[in-house]
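Chemist: Here it is: the structure, laid out below.
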Amino acid sequence: MKKDHVFIVDDDRDLLESAADWIEMNGFQVTGFQNAVDALKQLENVVPDVLVSDIRMPGVDGMTLLSTVRKSHPGLPVILLTGHGETQLAVRAMKAGAEDFLEKPYDADHLIAVLARAIKRNTMSAEIRRLQKVVLNAADGVGEIIGNHPSIVRLRERIATVAALDVNVLIVGETGTGKELVARTLHEQSDRAARPFVPINCAAIPDAAFETELFGFAKGAFQGADKDRSGKFEYASGGTVLLDEVDALALPLQAKLLRVLQEKMVERLGENRSRPIDVRILATSKTDLQSAIANNEFRADLFYRLSGVTVSVPPLRERANDILLLYAHFARLAARRYGSKPYELEPEHGFRLLMEAWPGNVRELKNRAEAQALGIDWALEAGSRGDAQSAPSAGLNDEIRQYEKSLIQRALTTAGNNVAEAARILQIPRRTLSEKIAKFGL
């Protein structure tokens, strides 16, 4: 297995050798340099995963090295080593694009943790760039089932198989997983694609209007019925009807629907004759219909009519490696729709996206990406983070305060909000960290 490669630059030979030995003992490949010029020459041939450099060095110092690397290798994370009390210099380094800084003398274990975090962040950045290129080079993508997770690959394969079968299909999955998109894809890949696709939101139709909406009515059937009107089933003739959220139907309405599916005939309200219908039925449910049957909330005979084939749509949390791809896809579509600049996903934002539970699934992720394209969430997040790099120019004390807050937030994120672990990373007493957390309102 390939080891992560670290370049370390320090003009103090003893410190360089001891640091290199410790880093190597912790599973990294290490190349050491006693001056920045040699490191820059080697960068022309080999690009490491992270570069660590002292700031105070004769000739080319760490700040100049950082500036040069930012231009030649903008994706390479650079960690700088500062002397005790050089807070102002550390703030300058972070503003100039340093990934992190360590104050000498630094804790050896903390150095390893910082290296691992920098490499993880760099890996995330590379993955984000790759996904953004994939999305940019892809076709339009509107209405496509996006994802590379095996469960989504299997879902696409199942849709391709089932679409050709002219049977009713029950699509099950949590809210926001994309059940309607699956239904539309089934229709578009079927022999009925040229005929209407008619979605019916069963949860939104009032019980009193159910029959007239689905089956139609005759002139004079009720006050205001001044002409005959066909229902959605007749309108969909030759095509597909989607019964969205069929689990929301009351039992009396389920009985009326069952009769239509059994007889393949509809009778308009106020008429005495039946009309044949030729439709394929797709239905979606966010609840377990078997449990609903056991609780006398859903008819077993209707369930068997609807579930000629069952297709399950996985929740987003079970396909986490698709989150960034989906986010980039939705952000691109939203930017195009709103005429805004495509949002550049930062690694920290990517980590947060991966850590969230996403109870609203793909729909929630899409809403987040669209809000981001309009600059809504980003403004809120930047303000709440108090990021020193995005804060307005202020006095030194304010700069240090903002930077201290960002360091604490980063440590808490790394430690999974475990205060004791964050205190260890920051090398300060837990009580002190707790006071600072309260002070900064984190």
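The values are calculated or read from the model by the stated rules, or taken from the named source; none is laboratory data. None of these values were measured; they are calculated from a predicted model. Virtual Cβ from ideal backbone geometry, glycine too; neighbours counted across all protein chains shown. These area figures cover heavy atoms from the full protein model, side chains too; ligands, DNA and RNA do not enter into them. Shrake-Rupley method; radii C 1.70, N 1.55, O 1.52, S 1.80 Å.
Chemist: Please state, as a whole number in µm²/s, the translational diffusion coefficient that the Stokes-Einstein equation yields for region 241-334 at 20 °C and 1.002 mPa s, with Rh defined as the Kirkwood radius across alpha carbon pairs.
Modeler: Working: Rh = 16.0 Å.
Rounded, D is 134 µm²/s.
Chemist: If you don't mind, another one. What full-extension length gain, to one decimal in nm, is calculated for Asp228 and Asn272 as 0.36 nm per residue of separation minus the Cα-Cα distance?
Modeler: Taking Asp228 through Asn272 to full extension adds about 14.5 nm, to one decimal.
Chemist: Classify region 305-346: rounded, prolate or oblate, from the alpha-carbon gyration tensor (a ≥ b ≥ c, eigenvalue square roots; a/c under 1.5 rounded; otherwise prolate if a/b is larger than b/c)?
Modeler: Working: a/c = 6.61, a/b = 2.08, b/c = 3.18.
It comes out oblate by the Cα gyration axes.
Chemist: Lys264: which lysines have alpha carbons under 16 Å from its alpha carbon, excluding same-chain residues fewer than 8 sequence positions away?
Modeler: The qualifying lysines are Lys232, Lys256.
Chemist: What FRET efficiency would be calculated for the residue pair Ile112, Ala320, taking the C-beta separation as r and a Förster radius of 35 Å, to the nearest 0.05?
Modeler: E(calc), rounded to 0.05, equals 0.85.
Chemist: Ignoring ligands, DNA and RNA, how do His5, His149 rank by accessible area with a 1.4 Å probe, largest first?
Modeler: Details: His5 20, His149 40 Å².
Descending order: His149, His5.
Chemist: If you look at just the Cα atoms of the chain, how large are its Rg and its Dmax in Å?
Modeler: When restricted to Cα atoms, the chain yields Rg and Dmax of 30.2, 99 Å.
Chemist: How about Lys366: which lysines have a C-alpha closer than 26 Å to its C-alpha, ignoring those fewer than 8 places off in the same chain?
Modeler: Within reach: Lys120, Lys133, Lys179, Lys286, Lys341.
Chemist: Also, quick follow-up: Would you mind calculating the gained length between Leu181 and Asn367 on full extension (0.36 nm times residue separation, minus the Cα-Cα distance), in nm to one decimal?
Modeler: Extra length available between Leu181 and Asn367 comes to 65.4 nm.
Chemist: Quick check: the angle from helix 179-188's long axis to the longest principal axis of the chain, C-alpha only, nearest 10 degrees?
Modeler: Compared with the principal axis, the helix lies near 60 degrees.
Chemist: Which residue, Lys95, Lys341, Lys41, has the most motion in a Gaussian network model of the chain that connects Cα atoms within less than 10 Å?
Modeler: Highest fluctuation of the listed residues: Lys41.
Chemist: If the convex hull of the alpha-carbon atoms of region 162-219 is projected onto planes in all directions, what is the mean projected area in square nanometres?
Modeler: 5.5 nm²
Chemist: Continuing with the same structure: Quick one: among Phe222, Phe298, Phe33, which has the greatest mean-square fluctuation in a GNM of the chain with alpha-carbon springs under 10 angstrom?
Modeler: Maximum fluctuation in the GNM of the chain, among the listed residues, is at Phe222.
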